[in-house]
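Please see the structure below; I have some questions.
Please treat every number below as a calculation from the coordinates, not as lab data. The structure displayed is predicted, hence computed values, not measured ones. Virtual Cβ from ideal backbone geometry, glycine too; neighbours counted across all protein chains shown.
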Amino acid sequence: MKRYFLLFFLIFLLFACKKETKLEQNDWQKISQNVEIKSDGHFLKLKSGKFNYKIPTSKLPFKRIMLLNASLVGYFTELSLENKIIGISSPEYVYSKKIHQLLKEGKIQNIGNEQKYDLEKIIALKPDVIFTNYIASFDNTYDLIKKNGIEIIFLDEYLEQNPLEKSKYLLVIGELLGVQKEATVRFNEIKNSYDSLKILAQSSSVKPSVLANEMYGNEWFLPGGKSNLAAFVLDANASYINAGNPDFKAVPMSFEEVFAKSQQAQYWINVGNHQTKKELLQINPNYAKMNVFNTGELYTLTGKEERKSNDYFESGVVRADLVLKDYIKIFHSELLPKYNLTYMKALK
């Protein structure tokens, strides 16, 4: 009797496991606070911000891609999908050498810029899909493209404040372009690298004070305490001067407010794309009053910059681990003695 009971129990367990696995496949996979994705075999469903997509799997994977903003390029170069791109806007802001080679060969077309997209060329090229950030003022342009049977998918990665959730958009691209396994492997590598670096940073007993960004006009847009920048500084085991602020976005402050907050700052990061401290002073002489300007260390985002393009805003969007590694090298250089900065550069 015991044998029959055990056999019955194992069969029940087997079916229960199968049922659970099937349910997991049909559940929404959370990419971030803004993006979720799932497949039911017939449709790939995507939630991206306020937009919902239901794409027949018969139309996947997408083979002919257009990109309307450079910040999404990094996901395609990370997965070696450059050959799927047939059109790109504002190529002068793209860093990838392979993209520029394909442009030179005519395999990727320049489709204009945000001031004036070449709609005739876009429609004539008949892409399977266009990926872009959503800009409300372009609704008429989007509607015209959609009326010509072209799918537009809005991916607003710049809204993500968790560094690894930004990297995780790789899984969305993987699903839509049929490289799910490659995307999963690549994301896991980035995540494991990031997590290891975070643990390494915590091994330092020093926690320096950090200031970020610079003034534009009469306001200093200081990233909020829940921002992407604040997350990087925390994970790099440093103390961000605006960490107590509850905002996700940058907070406009006067010079006097930032001056008061940054008295103990030892590092000043993300100081635009300036070449020298002298150049920085020419923009705002008040910087000379700041202790961090006179005795601290300043770093710009010009480590991989070429003409109008900057790889920090391209591959750096995806490679959260390398961005974190740069910050750890800056704040705790003894932990990474042989590492040279990737995206950052000391301002002299």
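In degrees from 0 to 90, rounded to the nearest 10, what is the angle of the helix 180-202 Cα long axis to the longest principal axis of the chain?
Helix 180-202 sits roughly 40 degrees off the main axis of the chain.
Mind grabbing the base-10 log of I(q)/I(0) for region 27-187 at q = 0.12, 0.16 Å⁻¹? Debye formula, identical points on the C-alpha positions, no solvent, two decimal places.
-0.49, -0.92
Based only on the alpha carbon positions, what is the Kirkwood hydrodynamic radius of region 39-115, in angstrom?
Numbers: mean 1/r = 0.0724 Å⁻¹.
With all distinct Cα pairs of region 39-115 included, I get 13.8 Å.
With everything on Cα atoms, drop me the angle between helix 2-26 and the longest principal axis of the chain, reported from 0 to 90° to the nearest 10.
Compared with the principal axis, the helix lies near 60 degrees.
Further, regarding this structure: How far apart, in nm, are the 7 Å Cα→Cβ label points at GLU256 and HIS42?
That separation, rounded to one decimal, is 6.6 nm.
Quick one: what does P(r) look like for region 222-348 with 10 Å bins over all Cα pairs, in whole %?
The calculated distribution, bin by bin, is 12, 42, 39, 7.
Sticking with this structure for a sec: Given (1) 31; (2) 22; (3) 17 as candidate values of percent of Cα pairs over 36 Å apart, which corresponds to the one derived from the coordinates?
(1)
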